[in-house]
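Engineer: Below are the structure tokens for one structure; questions will follow.
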Amino acid sequence: MAPVTVSPLYTTTATTHGGRSGHVKSADGVIDLQLALPKEMGGPGGAKANPETLFAAGYSACFEGALRLVGRMQGKTLGEGVGITAAVTIGKTPDGGFGLAVVLTGILPGMPRDEAEKLMHAAHEVCPYSKATRGNIDVKLAVAE
């Protein structure tokens with residue numbers, strides 16, 4: 001599959017020095033974080049970000065935007081209680097490398113489960129993060145109880 005060419009609407013940058021145990025800062029200064037390897041991966045852990053927390057934050061925000069867009073297109077009103085939780089896992093792959101897996105859980109209070117599941121699947125087709133990860137990492141969709 002050939003890469004998709006985009007007409008730019010917005011570009012941002014972030015620079016990291018020191019890798020997973022370093023420091024990341026966005027060009028606009030909005031993100032300015034010390035990073036730490038999680039304890040589960042042999043690092044010190046603590047109240048510091050890592051690439052997986054940053055990816056989970058970005059994916060959940062983007063996916064909720066797609067969910068709300070699809071909802072509007074379908075004539076559904078999604079209230080303030082609606083949200084997305086992205087659980088990002090890093091682990092070993094069979095080839096000895098590392099890979100990611102994601103579970104996106106929709107928080108759709110008051111919406112019938114079958115309707116919520118359909119909305120989640122429709123958002124998965126629209127979300128740029130979903131498009132970027134499709135075929136590359138395992139992404140599962142769920143609806144909160």
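Engineer: Put a dot 7 Å past each Cα toward the Cβ at A144 and H121; how far apart are the dots in nm?
Structural biologist: 2.3
Engineer: If you find the alpha carbon centre of region 77-145 and of region 20-41, how far apart are they in angstrom?
Structural biologist: Using only Cα atoms, the two centres lie 24 Å from each other.
Engineer: Hey, for a label at Y10 modelled as a point 7 Å past Cα toward Cβ, could you say which residues of region 124-141 have their backbone N under 16 Å away?
Structural biologist: 127-130
Engineer: A follow-up question, please. Would you compute, from DSSP H runs of 4+ residues alone, the mean residue ellipticity of the chain at 222 nm, taking -39500 (n - 2.57) per run and dividing by the full residue count, rounded to the nearest 500?
Structural biologist: -9500 deg cm²/dmol
Engineer: Another question about this same structure. Using Cα Rg over 2.2 N^0.38 Å as the read-out, say which of (1) 1.17; (2) 1.11; (3) 1.22 was calculated from these coordinates.
Structural biologist: Answer label, from the structure shown: (1).
Engineer: Within the set of other residues whose C-beta is less than 12 Å from the C-beta of V24, count the net charge using Lys and Arg as +1 and Asp and Glu as -1.
Structural biologist: Local net charge: +2.
Engineer: Turning to a different aspect of this structure: What net charge is computed for the residues neighbouring A122, neighbours being all others with C-beta under 14 Å from the C-beta of A122, Lys and Arg scored +1, Asp and Glu -1?
Structural biologist: Summing Lys and Arg as +1 and Asp and Glu as -1 gives 0.
Engineer: Tell me, in nm to one decimal, what length is gained between A49 and A87 on full extension, where the rule is 0.36 nm per residue of separation less the Cα-Cα distance?
Structural biologist: Value of the extension gain: 12.2 nm.
Engineer: Determine which aspartates and glutamates satisfy two conditions relative to K92: a Cα distance under 19 Å, and not lying fewer than 8 residues away in the same chain.
Structural biologist: K92 reaches E40, E52, D138.
Engineer: While we're looking at this one, here's another question. For region 43-102, run through the GluC sites (Glu not before Pro) and keep only the ones in DSSP coil with at most 14 other Cβ atoms within 10 Å of their Cβ.
Structural biologist: Those that pass, being in a loop and sparsely packed, are E80.
Engineer: Heavy-atom accessible area of T77 with all protein chains present, probe 1.4 Å, nearest 10 Å²?
Structural biologist: T77 has an accessible surface of roughly 130 Å² with all protein chains in place.
Engineer: Right, next: Enter the accessible area of V126 (Å², nearest 10), with the probe set to 1.4 Å and all protein chains included.
Structural biologist: Surface open to solvent at V126 totals about 50 Å².
Engineer: Also, I was wondering about something else. What do you reckon, how do I31, I137 stack up by accessible area (1.4 Å probe), largest on top?
Structural biologist: I31, I137
Engineer: Let me ask something else about it. Show which lysines lie in cross-link reach of K76 when reach means a straight Cα distance below 24 angstrom and same-chain residues fewer than eight apart are skipped.
Structural biologist: Answer for K76, where 24 Å is the Cα cut-off: K118, K131, K140, listed by chain and number.
Engineer: Are there any chymotrypsin sites (Phe, Trp or Tyr not before Pro) in region 1-100 that are in a DSSP loop and have at most 13 other Cβ atoms within 10 Å? List them by number.
Structural biologist: Of the chymotrypsin sites (Phe, Trp or Tyr not before Pro), the ones in loops of region 1-100 whose Cβ has at most 13 other Cβ atoms within 10 Å are Y10.
Engineer: Could you please report the charge total around G83, scoring K, R as +1 and D, E as -1 over all other residues with beta-carbon less than 11 angstrom from its beta-carbon?
Structural biologist: So the environment of G83 carries a net charge of -1.
Engineer: Using only alpha carbon pairs under 8 Å that are at least six residues apart, calculate the relative contact order of region 27-145 and give it in whole percent.
Structural biologist: RCO, region 27-145: 23 percent.
Engineer: I need the trypsin sites (Lys or Arg not before Pro) found in region 100-140, filtered to DSSP loop residues with at most 16 other beta carbons within 10 Å of theirs.
Structural biologist: Loop-located and lightly packed - R134.
Engineer: Sequence neighbours fewer than 8 away in the same chain don't count; with that in mind, list the lysines whose C-alpha is under 22 Å from K48.
Structural biologist: K25, K39
The values are calculated or read from the model by the stated rules, or taken from the named source; none is laboratory data. Note that the structure is a prediction, hence the values are computed from the model and not measured. Every residue, glycine as well, gets a Cβ built from its backbone with ideal geometry; the counts of neighbours run over all protein chains shown. These area figures cover heavy atoms from the full protein model, side chains too; ligands, DNA and RNA do not enter into them. Shrake-Rupley method; radii C 1.70, N 1.55, O 1.52, S 1.80 Å.
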